[in-house]
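Working notes, beginning with the structure itself.
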Amino acid sequence: MSKQDSAARAAAISFRQLRLFAAIGDLKSVRRASEECSLSQPAVTQALAKLEEQIGSVLVDRRASGSYLNELGDLFHARIRRFFEQAEQAIMEAGAADTKVAARAIMNRFTRSQIRTVVGAIEHGSFDRASESVGISSASLQRAARDLESNLGVPLFYRTAAGVLVSPLGSQFGRHMKLALQEIEWGIEELEAAQGGATRQMVIGAMPFGGSVLLASVLDDFLRLHPRADIRIMNESAAEMAKCLRAGDVDFVIGLLPELESGEVVREPLARTPYSVVARRGHPLTRLGKVSIEDLRAYDWVTGTDGSSRRACFERIFADGPAPQTSLATCALPVIRHLLKRSDRLTLMTSYELEHEDSLRAVLYDPITPVPSLGITMRASWLPTRMHQDFIDLIRAHVSAPRPHLRDVG
């Protein structure tokens with residue numbers, strides 16, 4: 001099942017259906033769920049039957065003693081509980097409610113079209129572009145936006161000469177709701193996988209250099225385990241990758257861990273991999289017994305892009321004096337390899353990266369600190385699917401295999 005298929009199926013399910021299903025799972029009774037939601041028992045039963053038809057799975061076993069979630073129902077219920085918890089947290093962080101009870105009451109008034117409005121606006125930049133994408137008129141989206149603001153009691157949009165735009169608070173709220181909605185999609189995909197169906201698309205962020213090398217080392221093993229997996233690998237700068245991760249556009253990121261802490265992401269260091277100054281085979285510096293800082297200043301360098309850990313390391317090395325010539329800044333390994341092989345330029349590489357470069361050598365310079373870590377960066381609230389977990393376990397096993405150039409974390 002493609003990402004588009006799961007998203008379309010998830011979008012067809014109303015929040016009301018999900019609230020009723022969550023109540024059945026919480027209360028372990030259709031009758032009690034109907035009382036909790038102030039609906040008749042036949043209405044709840046009908047809504048449940050429609051939900052099961054939409055997702056193609058039986059979620060509840062009907063017995064003489066009552067109706068109970070089966071194994072698939074428990075699987076889906078866990079995702080739907082996470083959806084509501086994250087949505088209610090987004091409402092509280094927007095300043096619309098002080099308690100979970102109040103946030104739940106607001107969430108119960110939301111409709112799909114209202115949430116689609118703010119998510120579409122932040123993804124496409126304006127109501128006009130969002131309306132083109134979802135096939136709804138801009139006027140209809142703006143009506144839904146007004147209804148959303150009315151239900152929330154907090155302004156999310158503002159009008160300019162260029163049209164209606166999303167405020168910073170609206171962007172934050174929309175991003176959090178987008179992440180919450182992904183739980184529904186993942187719930188559907190987990191049901192498919194549990195029944196031997198198609199496997200969902202997995203989007204992995206690969207940090208420049210180490211991330212791509214590490215991914216390439218485990219992809220074959222993973223595809224043998226999940227032969228129908230649909231993997232998309234995203235390569236971006238460190239700053240752009242952080243944005244993609246927080247927005248839910250990538251599931252997790254592999255490579256050098258960011259130096260800056262963030263409450264929205266968690267970092268799992270797997271191994272420390274020290275930086276070395278690197279040059280081509282036969283470079284004049286590779287013939288020296290010991291290289292000084294002045295030796296390094298005498299050559300042109302290829303540095304990392306702004307915001308990357310490689311660029312920060314370069315700046316620390318030369319912090320106490322003039323920096324060498326840096327005509328080129330890139331995170332593209334093929335470009336760096338080409339430039340170094342055909343010149344006397346220098347760059348920085350981690351020991352893990354250098355292991356895979358036969359034409360490059362480390363020069364004998366002092367140990368460079370701090371030593372970066374290779375690992376996995378994930379959203380703090382993320383719950384991986386079985387497929388995600390299998391991939392992460394393979395990464396852990398690969399990095400933990402004995403290698404003299406990697407140092408254990410701990």
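The values are calculated or read from the model by the stated rules, or taken from the named source; none is laboratory data. On a predicted model such as this, the values are computed, not experimentally measured, just so you know. Positions of Cβ are generated from backbone atoms using ideal geometry, with glycine treated the same way; all protein chains shown enter the neighbour counts.
Assorted remarks:
- Selection status of residue 159, within 16 Å of residue 177 (Cβ to Cβ), in the same structural domain as residue 8 (by TED's automatic domain parsing) and exposed (fewer than 14 other Cβ atoms within 10 Å of the Cβ): no
- Hits in segment 271-285 (condition: buried (at least 23 other Cβ atoms within 10 Å of the Cβ) and without any contact (Cβ under 8 Å) to a residue 40 or more places away in the chain): none
- The sole residue among 130, 193, 145, 180 that is buried (at least 17 other Cβ atoms within 10 Å of the Cβ) and modelled with pLDDT of 90 or more is 180.
- Filter pass, residue 219 being under 23 Å from residue 332 (Cα atoms) and within 12 Å of the chain's Cα centre (by Cα): no
- Test: residue in segment 205-222 that is under 30 Å from residue 53 (Cβ atoms) and touching a residue at least 24 places away in the same chain (Cβ under 8 Å): no
- Where residue 368 falls short, out of the listed (1) in the same structural domain as residue 252 (by TED's automatic domain parsing); (2) in contact with a Cys (Cβ under 8 Å, 6 or more places away or on another chain); (3) not polar (S, T, N, Q): (1)
- Qualifying position, being assigned to a helix (DSSP H, G or I) and outside the structural domain of residue 20 (by TED's automatic domain parsing), among 191, 148, 169, 141: 191
- Hits in segment 89-112 (condition: surrounded by fewer than 17 Cβ atoms within 10 Å (Cβ to Cβ) and more than 23 Å from residue 264 (Cα to Cα)): 101, 102, 105, 108, 109, 111, 112
- Filter result for residue 172 (in contact with a Phe, Trp or Tyr (Cβ under 7 Å, 6 or more places away or on another chain), of a type in the set (S, T, N, Q) and surrounded by fewer than 22 Cβ atoms within 10 Å (Cβ to Cβ)): no
- Pairs linking a residue in segment 29-43 that is not assigned by TED's automatic domain parsing to the domain that holds residue 77 to a residue that is modelled with pLDDT of 90 or more and buried (at least 17 other Cβ atoms within 10 Å of the Cβ), with Cβ atoms under 7 Å and 6 or more positions apart or on different chains, do not occur.
- No other residue among 128, 74, 98 is acidic (Asp, Glu) and touching a residue at least 40 places away in the same chain (Cβ under 8 Å) apart from 74.
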